[in-house]
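Please read the structure below before turning to the comments.
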Amino acid sequence: MPAWDATLHWLKTTGNRAAGEVLIRALDSPCPEIQRGAVFALLARREMAGHRVILERIDPASEEWRGQLNSLPSQFLASLRRFLLDGDPPLREKVCHFLRETEQFEFVPFLANLLENREYEPRLVVANTLSELCRRLHQRLDQPDNGQRGRHEERIAEQLRRSLLVSVGRFPRHECREILDSLLLLTEEHPELITAIINNRGHPARRLLLEILSRETGAHVLAVVCYCLHQEAPPGDLVAIIGQRTDLPFVRHLLSTVGPQPSSIVQRNLKRFYQFRWLKDLPNLLGQLDDTEQQAIPALVAHSRIPRDEALKVIGHVLLHGRPAGRRAAAKALAGFHGVEANALTLRAMQDPDPGVQEAIIPQLRQRGILGALPYIISKLESPHPMVRRAARKSLREFTFTRFLQVWDMLPPEVRRETGVLVKRVDPRTTLLLRAELLSTFRLRRLRALEIAQELELVPRLESSIICLLRDDDPAIRAEAAAALAHTDSAASYQALLETLNDANVFVRNIAEVTLEKRRRRMESQEQGQKNAPSGESQPRQPQPSGIISDETNVSHLDTSPTTTS
């Protein structure tokens, strides 16, 4: 332990006032360790002369002292208060600098009281010091929780809020805008305190507060303004401010507050708005908004009471020129609008490459009676995007296999195949349900299932179930099953048909012979086609029916009321 450490410790604790003069002289020592020890010893003593020397010679913002003087002894803090009260303006300015750089947040109430003296100098420096201390505390509160220190800063912030509320209530005494700005800064997480001032029409700072809320763009100010959307009874003045502001920071904060799916209370409060002035400049603003912000625009206009034609124009602009998330939200909101203009927007949205937009538009097409809607929806059954395929199936929900069974007997022969192919594409359960029909205990249902399997070209998928029907007790079903196996070329079905040639019923045997002959001729035709094909090329396959229906009248039979089948 260096010898001067013991000396400095004695000089710091002794009651001899001459020790202060010795420490002041020690500040000129060529040894940096002695200088530093003398500073901390002077801070701990009561002599104001030594404290004044520190203010004049030590800059807490310098590289040497930055961050080392934040925890100051009570003796030095008492001297700072005395200097602020009785010192000359230059000394007071040095004190304010020291308070700012050492972040003495507890001085804020004291500074606010000083500002009530209109003749106090330097008034502007004190006001700026108060504002800077609150700003730094606000920055600390925004940082992640740092344990005990964070809880201590929360307690300080709560004390300052109470003190500033009192000072704002005495606004005519100081008329200091910095005090009001500081209160706004520390109440970002407690906007109800500001709302209480606005609701009090006799409050002396109310007029200036509304002026700040109408113009300032700080996040803390915007948070207070937009907070009213979450209140049960928002102040009418704040509602008017929201409707009138047009600056980009406010617009972005408002849209972030509303969100793509506003809560019920936000939806109710949006009904209080008959205009948003910034919407008039939407073409210029839209490109400056990100996906999340654009996504909130359709919800905002849809739940407000702005004229419906204006709301549709806004949604249309987002739908045609917005980012993907914004276009999806606009497409969903478009469902609440009807008429020629809405239909025209729907037609243009059909060409949007984004799958989310297609998913939102598809359910609206048939409801609007748009020409060509059904072919468009059917084409989306083959979309590479699962969400689009699900939307297409949902829009064709009447084309289910269950309903197809109910109306099968009422469909004309020429419509059965077209409708059946569409049902097969729309309902992924078609094969499963048809297999269940083949296993039904009712004879007519099994016969109908065999007929449908052939009509929909599903025999290869249902082959095992159809082969089982070759052993059915009913000869008619065995015969129909044998006829159906003409549509498959597997070895299992061929062997089953050979065994059917020994069936007890002559009609069943004849059908099996005819089926085997059809299969033999088809195989010979395929072999002949392969021989005639040029070397290196295979015989082109015959195109399969697409099943896409261009005229909705062809499938209108599915709209018939369901009938009971046995």
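Derivation of every value follows stated rules applied to the coordinates shown; laboratory data play no part. Since the structure is predicted, the reported quantities are computational estimates derived from the model, not experimental observations. We place every Cβ from the backbone using ideal geometry, glycine too, and count neighbours over all the protein chains shown.
Annotation: the residues W408, W65, W10, sorted from fewest to most other C-beta atoms within 10 Å of their own C-beta, follow the order W10, W65, W408.
Look at the alpha carbon pairs under 8 Å that are at least 6 residues apart: their mean separation over the length of the chain gives a relative contact order of 6 percent. Mind sorting out which of (i) 24.0, 74; (ii) 42.2, 135; (iii) 36.5, 112 is the real Rg and Dmax of the Cα atoms in Å computed from the coordinates? So the calculated entry is the one marked (ii).
Rounded to the nearest 0.05, the FRET efficiency derived from the C-beta distance between R522 and L433 at R0 = 35 Å is 0.75. Mean separation of Cα pairs under 8 Å and 6 or more residues apart, divided by the residue count, gives segment 400-521 a relative contact order of 18 percent. Shown for I511, I197: other C-beta atoms within 10 Å of each C-beta, ranked fewest to most, produce the order I197, I511.
Loop-resident chymotrypsin sites (Phe, Trp or Tyr not before Pro) (DSSP state other than H, G, I, E or B) in segment 251-346 with no more than 13 further Cβ atoms inside 10 Å of their Cβ: Y274.
Among S383, S493, what is the fewest-to-most ranking by other Cβ atoms within 10 Å?
S383, S493
Using Cβ point charges alone (K and R +1, D and E -1), the dipole size of the chain about the Cα centre works out to roughly 860 debye.
Anything over 32 Å Cα to Cα? Flag those among K394/K518; K271/K380; K380/K518; K424/K518, in the order listed. K394/K518; K271/K380; K380/K518, as the Cα separations exceed 32 Å there.
Along segment 510-524 the Karplus relation, 6.51 cos²θ - 1.76 cosθ + 1.60 evaluated at θ = phi - 60°, assigns HN-Hα couplings of 4, 5, 4, 5, 4, 5, 5, 5, 4, 5, 4, 5, 5, 5, 5 Hz to successive residues, with x for each Gly and Pro. Once the Cβ-Cβ distance of R305 and R215 is raised to the sixth power relative to R0 = 30 Å, the FRET efficiency obtained is 0.70.
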